[in-house]
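To keep things clear, I will list the structure first and then write my remarks on it.
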Amino acid sequence: MEKTWNNKAWFFVLPVLLLVAFSAVIPLMTVVNYSVQDSFGNNQFFWYGADWFREVLTSERFHDALMRNLLFSAIILAIEVPLGILVALAMPKKGVWVPVCLVLMALPLLIPWNVVGTIWQVFARTDIGLLGYTVDALGIDYNYVRNVADAWVTVIVMDVWHWTSLVVLLCYAGLVSIPDAYYQAAKIDGASRWAVFRYIQLPKMGRVLLIAVLLRFMDSFMIYTEPFVVTGGGPGNSTTFLSIDLVKLAIGQFNLGEAAAMSLVYFLIILLLSWIFYTVMTNAGTDRPLKGGAE
Amino acid sequence: MTDQATIDHTSLPGAAHSESALAARSRMKAGHFRWKALIPIFYIVFLLLPIYWLVNMSFKTNQEILGTLTLFPQHPTLHNYRVIFTDPSWYMGYVNSIIYVVMNMVISVAVALPAAYAFSRYRFLGDKHLFFWLLTNRMAPPAVFALPFFQLYSAFGLIDTHIAVALAHCLFNVPLAVWILEGFMSGVPKEIDETAYIDGYSFPRFFFRIFMPLIASGIGVAAFFCFMFSWVELLIARTLTVTDAKPISAIMTRTVSASGLDWGVLAAAGALTIIPGAIVIWFVRNYIAKGFALGRV
């Protein structure tokens, strides 16, 4: 659509601008303020320069949390994306089962995040949880409170349970937007199932898949509530991801300066990712607009 | 089969034959289909098992939960639900959550509507940067904002009020609503606006009488997603409330740590938080993907 140049449109944007400024810019300025000061208590602050940033960037604790978070994001992407594509491909394209499938699959997405944590905390317990009990009965030594590997497996399975449906829904929306004529042409050519996937479905899903990957990556990068409820960041620090570490630092130890500096570094990483997301989304949108599932 | 179709492709009966060959092939596919259906079935079973376990537990007594592992409640009881519905410190949690979620939903959609219209219809100074800046707020980790939010709202004396949580959740819901609505509005041809002006409609009349009905489904989807993300968020809601506006999810965590072992009530409370989402999702089932993709599917 051709848009007209009109600077008066700013008036329409003004309410959003004021509201988001109030709930984003002012708090962010507080963070910036803290990050360059130190305090001896009694609300007396003095200039601390960039020392907090130096401390954060060189601290082993921050590096470890960042590495854990990156590893976590990589693992869940490697599981959720292929699984999501597989389920989306196998879903019926029309009929009475479609809305039922969609609603059932979207159910985990609508559960409050700490309830998700609670559900899995209970479900994975070896004494009262179905999963933990079954695994234990199979003779596998399983304890997500003490064992690092078990804690990781539990958190990852929980995230797969919680968010794979997002990938499924997006891929499904991309799949149903493919016109029937494409499949008929492929049938006439005698194309194999793999060829249909590789040359028709995958390219057509490309854009939604990209959105799914980026959204999952960014959301997993700020995960807090679910692992916090299940493992509390433990055993030790083994499931302390960036957000959990940040909250520990800010509210647990009340180390405001370092927490603020860490917040800003964290925010800049997210900003960089968002910029990639935005560029990719707007560029992918201009050349071939895809319409799907929404009609 | 395809051979025969190509040989007779000039005559009409041949064409009909190729049609039926195609149909036969898709019928063969339909035979395989039953195997394929196993994947979504297994997946849905995997999704429902933990939820089933929670609901199962919510109907058991604590003795049964801790005693033996049973797949169905042996002595089904509504005691756990009765505890929640008779104790104000429990059921007010649901009321509080719903109050701030609805407030947030109304504020977000109301301010997002004109902004989305501006983004979808006009180009103006800094529009792309502004749009990107809004996105960054959707992507901002709530953990970064928890402490400054607390101080900001303390300074305004808003701690432990519903409006504080509603405003704080605008941080990620307003950008979301703008993005979703912009996606829907861009689907409405601009000629409609122009025709309305030629017919002598003023802008507010055009917007409320003609434009809003056209994007009614978009407004519904945006409202649903604001509802949902405000409903599932805990960190900020917990930070900004003490007692009077405490959301149900925060009450749950507190009870776990305090009394420790009242698993039945905990399960019942958890099961009840799933219901609002499960009800509203039915209305937007065809738009879920569009909403998650920020209106970009």
Report, ordered by the first and then the second residue, all pairs with beta carbons closer than 9 Å, sequence separation of six or more or different chains, a first member in segment B:190-210 that is within 18 Å of B:F119 (Cβ to Cβ) and in contact (Cβ under 8 Å) with a residue 24 or more places away in the chain, and a second member that is of a type outside the set (S, T, Y) and loosely packed, with under 13 Cβ neighbours inside 10 Å. B:K190/A:M1; B:K190/A:E2
Of the conditions (1) under 30 Å from B:A118 (Cβ atoms); (2) in a loop (DSSP other than H, G, I, E, B); (3) of a type outside the set (A, V, I, L, M), A:F12 clears all except one; give me its number. (2)
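Please pick out the residue among B:L167, B:L152, B:L176, B:L135 that is in a helix (DSSP H, G or I), within 9 Å of another protein chain (Cβ to nearest Cβ), among the hydrophobic types (A, V, I, L, M, F, W, C) and closer than 17 Å to B:F292 by Cα.
On inspection, the qualifying residue turns out to be B:L135.
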Taking the stated definitions as given, is A:Q184 in a helix (DSSP H, G or I), more than 10 Å from every other protein chain (Cβ to nearest Cβ), of a type in the set (S, T, N, Q) and over 30 Å from B:M228 (Cα atoms)? no
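Limited to segment B:223-233, what total is found for residues that are within 23 Å of B:L266 (Cβ to Cβ) and crowded, with 24+ Cβ neighbours inside 10 Å?
4
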Those residues of segment A:74-110 that are within 13 Å of chain B (Cβ to nearest Cβ), among the small types (G, A, S) and within 20 Å of the chain's Cα centre (by Cα) come to a total of 3
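Please work out if A:E60 is more than 7 Å from chain B (Cβ to nearest Cβ) and either in contact with a Gly (Cβ under 6 Å, 6 or more places away or on another chain) or in contact (Cβ under 8 Å) with a residue 60 or more places away in the chain (or both).
No; evaluated as a whole, the condition is false for this residue.
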Just to be sure before I move on: is B:L158 facing chain A (nearest Cβ under 10 Å) and surrounded by fewer than 24 Cβ atoms within 10 Å (Cβ to Cβ) in the structure I sent? no
Out of segment A:112-156, which residues are outside any helix (DSSP H, G or I) and without any contact (Cβ under 8 Å) to a residue 40 or more places away in the chain? A:P112, A:R125, A:T126, A:D127, A:I128, A:G129, A:L138, A:G139, A:I140, A:D141, A:Y142, A:N143
Pull up segment B:133-146, narrow it to residues that are of a type outside the set (G, A, S) and without any contact (Cβ under 8 Å) to a residue 40 or more places away in the chain, then point me to the one that is surrounded by the most Cβ atoms within 10 Å (Cβ to Cβ). B:V144
Elements of type helices (runs of 4 or more DSSP H) in segment B:44-126, at least 2 residues being without any contact (Cβ under 8 Å) to a residue 24 or more places away in the chain and either facing another protein chain (nearest Cβ under 9 Å) or among the acidic types (D, E) (or both): B:88-121
Members of segment A:1-29 that are facing chain B (nearest Cβ under 7 Å) and farther than 30 Å from B:S154 by Cβ: A:M1, A:K3, A:T4, A:W5, A:N6, A:N7, A:A9, A:W10, A:F12
Positions within segment B:259-296 being within 21 Å of A:M105 (Cβ to Cβ), outside any helix (DSSP H, G or I), charged (D, E, K, R) and in contact (Cβ under 8 Å) with a residue 60 or more places away in the chain, in sequence order: B:R296
Leading residue by the ranking (nearest to A:S220 (Cα to Cα)) among those in segment A:232-263 that are among the hydrophobic types (A, V, I, L, M, F, W, C) and surrounded by fewer than 21 Cβ atoms within 10 Å (Cβ to Cβ): A:I251
Of a type outside the set (A, V, I, L, M, F, W, C), closer than 20 Å to A:V81 by Cα and surrounded by fewer than 20 Cβ atoms within 10 Å (Cβ to Cβ): does that describe A:S192? no
Is it the case that B:Y197 is more than 30 Å from A:S274 (Cβ to Cβ) and modelled with pLDDT of 80 or more? yes
Quick one: B:D127 ticks every box in (1) closer than 24 Å to B:T243 by Cα; (2) out of contact with any Leu (no Cβ under 8 Å at 6 or more places or on another chain); (3) in the same structural domain as B:A222 (by TED's automatic domain parsing) except a single one, so which number is it? (1)
Failed criterion for B:E233 (all others in (1) at pLDDT 85 or above; (2) more than 16 Å from the chain's Cα centre (by Cα); (3) of a type in the set (D, E, K, R) hold): (2)
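The values are calculated or read from the model by the stated rules, or taken from the named source; none is laboratory data. Computed from a predicted model, the values in this text were never measured in an experiment. No Cβ is skipped: glycine too gets one built from the backbone with ideal geometry, and neighbour counts run over all protein chains shown.
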